[in-house]
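Engineer: Starting off with a structure, shown below.
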Amino acid sequence: MTRSKKISDRAQIAASYATEERMTIKLTQGVVDRATREGSGATLYDEEVPGLVLKVGKRSGSYRYKGTVNDGRSTPLTLTIGRADCISLKEARNEARSLKVRLSRGEDPRDERKRNKDAPTVEEYLERYLENRPNLSPRTLVYYRDCLKRMGRLARMPMDRITRQDVRSHFERVSRKGAYGANSMYRTGRALWADYLRSDELSEGNVWARAIRPNKETPRDWALDDDAFRSLWRAVDAMENRVRATAWISLALTGLRLSEALSLRWESIDLDAGTAWIASPKGGRDRAFTRALPKALCSELHSIREAAPWSPFLFPANSKSGHIPHLRTGDAGFPPPHALRHSWATRALDLGVEMSTISLCLNHSQLGKTTTSRYVSRDKVTKPVVEATERVAEHLLSFRD
């Protein structure tokens, strides 16, 4: 663009501000940015896409499309495309062209909004979504509600009023605070929209799935090496509180999640058979399973059974839940508890255990390329699981002095 052209554009915009006239101009992204930053009251019509309008207010601007419905009556209408600070000029033009095609077919986008005028807000639909899933664990419920908080103002909006531009711009804002948290919010939003669309319609479909590319997540390399296991065993053996020490041993030798291990009850344990019934794992009661326990761990559990005969929990504590709520990791030798789950799986694979057996031990849903855990009963332990449990335990205990 030449210098004289820039001056001409500025003069036209300035004239629009002063007279509040409707100015037709070849919009560029620079013109849009300058108009929304400097002026108020301007209405700029785009020369390239007839019907596309930039309406500038005191603090921001928005794109609109003005056209007529090819319904035999040439019904005029104005549709809001989105805020100028949320979508680019290119995106606004593409949306305007799409609207023009729909109007030429006789479609009125306003009819879709009327059909969905009773669409619930996101927070209302989340409650409905959770009510239909009574077996979700308390931890999963907390997860969903945390994701709802991340949605901010979107959570209070009707689902049919939320556009792709809305979720894209909000996702980008949340991503600046935390990429993984933004991804969790995205997965929750996508699941809610997919569930709603099974029985109702939304004009833009699943806006989360269509508008967002999740942030790249780097797998955590948490597997402990040999020296780290030696440090862990030394730290465990030095603990005066043998109940807490046994909790660490349980995590290391089974690969259980922290919440699964710490909430175990004696009524769920069969030390003679060497099994533990995990009643409320990740995924809720529907995914309850029996975990094989190595003989060495059963021996440790025998030794602490009389430590607190009044408690139903293996690892009791004076806490709201009645059991140890967490394990300290700040002291030397103690890794993050979930690292022991990573380590168990890694060591099992190194020892030649089949991936399907590892998945059964860890209660993962996918056992192979074509088999899921629904094909295998989870209330009994299989021979490969028992053998793998003993092999991994013997290997890990070889680093204990």
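Engineer: Could you compute the net charge surrounding SER343? Neighbours are other residues with a C-beta less than 12 Å from the C-beta of SER343; K and R count +1, D and E count -1.
Structural biologist: Details: positive: ARG220, ARG341, ARG347; negative: ASP221, ASP225, ASP226, ASP350.
Result for the neighbourhood of SER343: -1.
Engineer: Cα centroids of region 277-303 and region 176-201: how far apart, whole angstrom?
Structural biologist: 32
Engineer: Could you compute the FRET efficiency for ARG102 and ARG139, with r as their C-beta to C-beta distance and R0 at 51 Å, rounded to 0.05?
Structural biologist: On the way: r = 44 Å, r/R0 = 0.87.
Efficiency computed from Cβ-Cβ geometry: 0.70.
Engineer: Under a crude label model (7 Å from the Cα following the beta-carbon direction), how far is SER88 from SER60 in nanometres?
Structural biologist: 2.0
Engineer: Quick one: what are the phi-derived ³J(HN,Hα) couplings along region 161-173, Karplus 6.51/-1.76/1.60 with θ = phi - 60°, whole Hz, x for glycine and proline?
Structural biologist: 8, 8, 9, 4, 5, 4, 6, 5, 5, 5, 4, 5, 5
Engineer: Another question about this same structure. Relative contact order of the chain: what whole-number percent is it, with Cα pairs under 8 angstrom and at least 6 residues apart?
Structural biologist: Working: 548 pairs, mean separation 43.5, N = 401.
Dividing the mean separation by the residue count of the chain yields 11 percent.
Engineer: While we're on this one: For region 226-398, just the Cα atoms, rotate onto the principal axes and tell me the three extents in Å, largest first.
Structural biologist: 47, 36, 28
Engineer: May I pose another question? Which is farthest toward the positive dipole end of region 122-210 among TYR196, GLY178, GLY152, measuring Cα position about the Cα centre, with Cβ charges +1 (Lys, Arg) and -1 (Asp, Glu)?
Structural biologist: Looking along the dipole axis, the top candidate is GLY178.
Engineer: Binning at 5 Å from 0, report for region 122-210 what percent of all alpha-carbon pair distances ends up in each bin.
Structural biologist: 3, 14, 27, 27, 17, 9, 2
Engineer: If you don't mind, another one. Any chance you could run the full-extension gain for GLU354 through ALA332? It's 0.36 nm times the residue separation minus the Cα-Cα distance, nm to one decimal.
Structural biologist: Computed gain between GLU354 and ALA332 is 4.6 nm.
Engineer: So, in Å, what gap is there between the alpha-carbon centers of region 148-173 and region 48-109?
Structural biologist: When both Cα centres are located, 21 Å separates them.
Engineer: Treating only the Cβ atoms of Lys and Arg (+1) and Asp and Glu (-1) as charged, compute the dipole magnitude of region 122-210 about its Cα centre; round to the nearest 20 debye. The partial results should precede the final answer.
Structural biologist: Details: 18 positive and 12 negative charges, 105 e Å.
Roughly 500 debye for region 122-210.
Engineer: Another question, if that's okay. Let's test the formula: R0 of 45 Å, r as the Cβ-Cβ distance of TRP266 and ARG210. What FRET efficiency results, to the nearest 0.05?
Structural biologist: Using R0 = 45 Å, I get an efficiency of 0.35.
Engineer: Next up: Calculate for the chain the 222 nm mean residue ellipticity that helices alone would give, adding -39,500 (n - 2.57) per DSSP H run of length 4 or more and normalising by residue count, nearest 500 deg cm²/dmol.
Structural biologist: Mean residue ellipticity at 222 nm (helix-derived): -14500 deg cm²/dmol.
Engineer: Of LEU232, ALA292, GLY61, which is farthest along the charge dipole of the chain in the positive direction, counting Lys and Arg as +1 and Asp and Glu as -1 at C-beta?
Structural biologist: Ranked along the dipole, the leading option is GLY61.
Engineer: Could you run the Karplus curve 6.51 cos²θ - 1.76 cosθ + 1.60 with θ = phi - 60° over region 291-304 and give me ³J(HN,Hα) per residue in whole Hz, x for Gly and Pro?
Structural biologist: Result, ordered by residue: 10, 6, 10, x, 4, 4, 5, 4, 5, 5, 5, 4, 6, 9 Hz.
Engineer: What does the charge count near SER303 come to, summing +1 for each Lys or Arg and -1 for each Asp or Glu among other residues with Cβ under 15 Å from its Cβ? List each step's numbers first, then the result.
Structural biologist: Working: positive: ARG242, ARG244, LYS295, ARG305; negative: ASP237, GLU240, GLU300, GLU306.
Residues close to SER303 contribute a combined charge of 0.
Engineer: When the Karplus curve 6.51 cos²θ - 1.76 cosθ + 1.60 is applied with θ = phi - 60°, which whole-Hz ³J(HN,Hα) does each residue of region 175-192 get, with x for Gly and Pro?
Structural biologist: 4, 5, 8, x, 5, 6, x, 5, 5, 5, 4, 4, 5, 5, x, 4, 5, 5
Engineer: Let me ask something else about it. Going toward the positive end of the dipole of region 226-398, with +1 on Lys and Arg Cβ and -1 on Asp and Glu Cβ, which of LEU327, SER359, VAL243 do you reach last?
Structural biologist: My answer, from the dipole projection, is SER359.
Engineer: What is the extension gain from ALA307 to ASP221, computed as 0.36 nm multiplied by their sequence separation minus the C-alpha to C-alpha distance, in nm to one decimal? Display every interim value, and only then the final one.
Structural biologist: Working: separation 86, 0.36 × 86 = 30.96 nm, distance 3.62 nm.
Gain on extension, ALA307 to ASP221, equals 27.3 nm.
Engineer: Would you mind estimating how fast the chain diffuses translationally, via Stokes-Einstein at 37 °C and 0.692 mPa s with the Kirkwood radius over Cα pairs, in µm²/s?
Structural biologist: So the translational diffusion coefficient is about 127 µm²/s.
Taken together, the values in this text are just the output of simple stated rules run on the coordinates, not laboratory data. Only a predicted model underlies this, so the values are computations on that prediction, with no experimental measurement involved. Positions of Cβ are backbone-derived with ideal geometry, glycine not excepted, and every protein chain shown enters the neighbour counts.
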